[in-house]
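Right, one structure below, let's go through it.
The values are calculated or read from the model by the stated rules, or taken from the named source; none is laboratory data. For clarity, every value in this text was computed on a predicted model and none was experimentally measured. All Cβ positions, glycine included, derive from the backbone under ideal geometry; neighbour counts span all protein chains shown.
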Amino acid sequence: MPRLPYLRDEELGEGELVRSIRQRRGGGLLHLDRLLLHSPPVAAGWNELLGAVRTRLSLPPRLGELAICAVAVLNDAAYEFVHHAPALLRAGGTQAQLDALADVEAAIARDELFDAAERAVLQLALEMTRRVQVSDQTFARMQRLLVDERQVFELVTTVAAYNMVSRMIVALGIEPETAAGRRPGVDPPAASGRSNVHGAAIAWELAGPEDAPVLMLGNSLAADMRMWDANLPALAARYRVLRYDMRGHGASSTPPGPYTLGQLADDAVGLLDALRIGQVHFLGVSLGGMVGQQLAARFPNRIASLVLCATMSEQPAPAAWDDRIALVRRSGLQAIADATLQRWFTQTFRQASPQVVQRVREMILATRTDGYLGCATPIRNLAQSALLARIVAPTLVLAGEHDTAATPAIAQQLAAGIAGAGCRVLADAAHLPNIEQAEAFDACVLSFLDGVRGADRL
């Protein structure tokens, strides 16, 4: 039992501070939040500090999350480890690395599991947590292996901050929540894991009422399930939301490519089978929408309704994709990050929301090159208009007003090929309207889904 009571929703209300913490969490409040809010000034400062440490650093997320997991283990803070282990996997860590952290000191010698920078991170976490003092040798190693002094400072700050977090958690006796972070009867239930599907380990997360219809979300290329963080509170309030990482992305594995859209659709159905889910509403953005077309055409009994956003059925610019694929193969994701962000968001949004754009940049850079190339190939080869006539599920096609790839005209053409499909254009958005215009996007999707459910009840 905790040494102080967890505050309930009726005690907290829905003020600006509570809303900001929910937004950072991507959903319901954690037990930690419900204790912090005993002192709103502390909760506000905590939210700002840890929000910066988690989302606004130049330090690679993989190294930051590795440090946090190591600190949690060293402090016997199981609660903190449970919450950050999935983040390490999404940032490119492996299950074998997580397993090795059971003994941080021994893990430092595991050069078959950890590269030089990762081993240096573990050494720093060990010394700061166990001895406080950091040896000159360890500090000099960090300076050699990280890009610049800013990253060295950010790593030290991360280790220091999460020593504070872990020690407070242990001192207050904060308990792990049921099902990875949500409190039954208070927040939407959630669960997460990885399922072996057609030769790939597919990472997934479920959130929302357990008795609600399932809404499955399909990501864009170079993105993982974090791309839905802003949408999860609204969607999971009324639906059981299933997020997952496509093969080659996030915490999913990266089998040898290239892949096909058929494979990606088979992965989605295989995941539903593994989770014993029969039918879902499917919402896909960009690549996720291409997969959605395959699902609705080939597995009509599994798709109750379909939302296709920022997507198409034919590739209008294969030469541009040839150039993009060659550049990534030669120079990695860093070479296309800026251009990708310019396509994904309007200039107005990039200037007004630099922190959001930075988080998306980190998500792009966390994508493994082989995973990107594996999924980029079927986009380059996209030619599936013949499937559209086979789609019988109620369908809504969405486009961003300023999307230069999947333009509003392309969206209208796509909708015209699907019997009874509607089409909506979201103002002041480019290729990722679910992030750029999250509130309008959520309202549009929920209105459509609720209409489908209403028709089913008649």
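Being exposed (fewer than 14 other Cβ atoms within 10 Å of the Cβ) and within 25 Å of Ala223 (Cα to Cα) is a property that Ala116 lacks.
In the range 33-58, what residues are at pLDDT 85 or above, touching a helix residue (DSSP H, G or I) at 6+ places or on another chain (Cβ under 8 Å) and either crowded, with 16+ Cβ neighbours inside 10 Å or assigned to a helix (DSSP H, G or I) (or both)? If the condition is that a residue be at pLDDT 85 or above, touching a helix residue (DSSP H, G or I) at 6+ places or on another chain (Cβ under 8 Å) and either crowded, with 16+ Cβ neighbours inside 10 Å or assigned to a helix (DSSP H, G or I) (or both), then Asp33, Arg34, Leu35, Leu36, Leu37, Pro40, Val42, Ala43, Ala44, Trp46, Leu49, Leu57 are the ones that fit.
Taking the criterion of being at pLDDT below 85 and touching a Ser or Thr at 6+ places or on another chain (Cβ under 8 Å), would at least one residue in the range 59-78 satisfy it? Within the range 59-78 (the criterion being at pLDDT below 85 and touching a Ser or Thr at 6+ places or on another chain (Cβ under 8 Å)), the answer is no, since none of the residues qualifies.
On the stretch given as the range 281-312, residues that are in a loop (DSSP other than H, G, I, E, B) and touching a strand residue (DSSP E or B) at 6+ places or on another chain (Cβ under 8 Å) total 3.
Under the condition of being in contact (Cβ under 8 Å) with a residue 60 or more places away in the chain, farther than 17 Å from Thr254 by Cα and among the aliphatic types (A, V, I, L, M), which residue from the range 75-103 is surrounded by the most Cβ atoms within 10 Å (Cβ to Cβ)? The qualifying residue surrounded by the most Cβ atoms within 10 Å (Cβ to Cβ) is Ala77. Of all residue pairs spaced 6 or more apart or on separate chains, those with beta-carbon atoms under 7 Å, a first member in the range 217-246 that is outside any strand (DSSP E or B) and a second member that is of a type in the set (Phe, Trp, Tyr) are Leu221/Tyr372; Ala222/Tyr372; Met225/Tyr244; Asn231/Phe441. Inspection of the range 146-156 identifies at least one residue that is in the same structural domain as Gly64 (by TED's automatic domain parsing), over 20 Å from Thr55 (Cβ atoms) and in a helix (DSSP H, G or I). From the list Thr377, Thr348, Thr407, the lone residue that is of a type in the set (Ser, Thr, Tyr) and touching a helix residue (DSSP H, G or I) at 6+ places or on another chain (Cβ under 8 Å) is Thr377.
Listed here are the helices (runs of 4 or more DSSP H) enclosed by the range 314-419 that have at least 2 residues being closer than 23 Å to Gly92 by Cα and in contact with a Leu (Cβ under 7 Å, 6 or more places away or on another chain): 318-331, 337-344, 354-366, 369-380.
Matching residues to (1) more than 30 Å from Ala120 (Cβ to Cβ); (2) over 17 Å from the mean Cα position of the chain (by Cα):
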| position | (1), (2) |
| --- | --- |
| Asp9 | yes, yes |
| Ala44 | yes, yes |
| Arg54 | no, no |
| Ile68 | no, yes |
